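A short reminder: the numbers here are calculations on the coordinates, not readings from a lab. Everything numeric here is computed off the predicted structure, so don't read it as measured data. Cβ: placed from backbone, ideal geometry, glycine included. Neighbour counts: every protein chain shown.
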Amino acid sequence: MIINNVCNSIRLISDAIKSFTVNCVVGIKANKGRIEELLNNSLMLVTALNTVIGYDNASKIAHHAFEHNLKLKEAAIQLKILTEE
């Protein structure tokens, strides 16, 4: 009985995966422009600055950028933590 139920569960999962693939995955195309935009505007990029400016300054930049809807570069310049160069 246990083996029968396991086999039925495996079949059910297999059918679900096939259906998901056919109805949701096939034909999907990446929107490269949107991906690039989201990547470049991600506040998580500030973690790369930790080793250069320290955690506290990186945190200030991220918070300022979030609160004022700015890019990280703009926030860093406004806070005078980094220069444009």
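Points to keep in mind about this one:
- Cα-centre dipole for the chain with unit charges at Cβ (Lys and Arg positive, Asp and Glu negative), debye to 20: 380 debye
- Of S14, S42, S59, the one that fluctuates the most in a GNM where the chain has Cα springs shorter than 10 Å: S14
- For the residues L45, L72, L12, a GNM of the chain with alpha-carbon springs under 10 Å puts the largest fluctuation on L12.
- Cα shape, region 32-85, gyration tensor, a/c 1.5 rule: prolate
- Net charge of Cβ neighbours under 15 Å - reference H64; Lys, Arg +1; Asp, Glu -1: +1
- Summed side-chain charge close to E36 - residues other than E36 whose Cβ falls under 15 Å, Lys, Arg +1, Asp, Glu -1: +3
- Mean Kyte hydropathy of 0.5 or more with a Cα span along the axis of at least 18 Å, helices from DSSP in the chain: 2-20
- Ordering of 19-27, 48-56 by packing is 48-56, 19-27, highest average first (other Cβ atoms within 10 Å, averaged per residue).
- Exposed loop sites here mean trypsin sites (Lys or Arg not before Pro) with a DSSP loop assignment and at most 16 other beta-carbon atoms within 10 Å; the chain contains its longest site-free run at 30-70.
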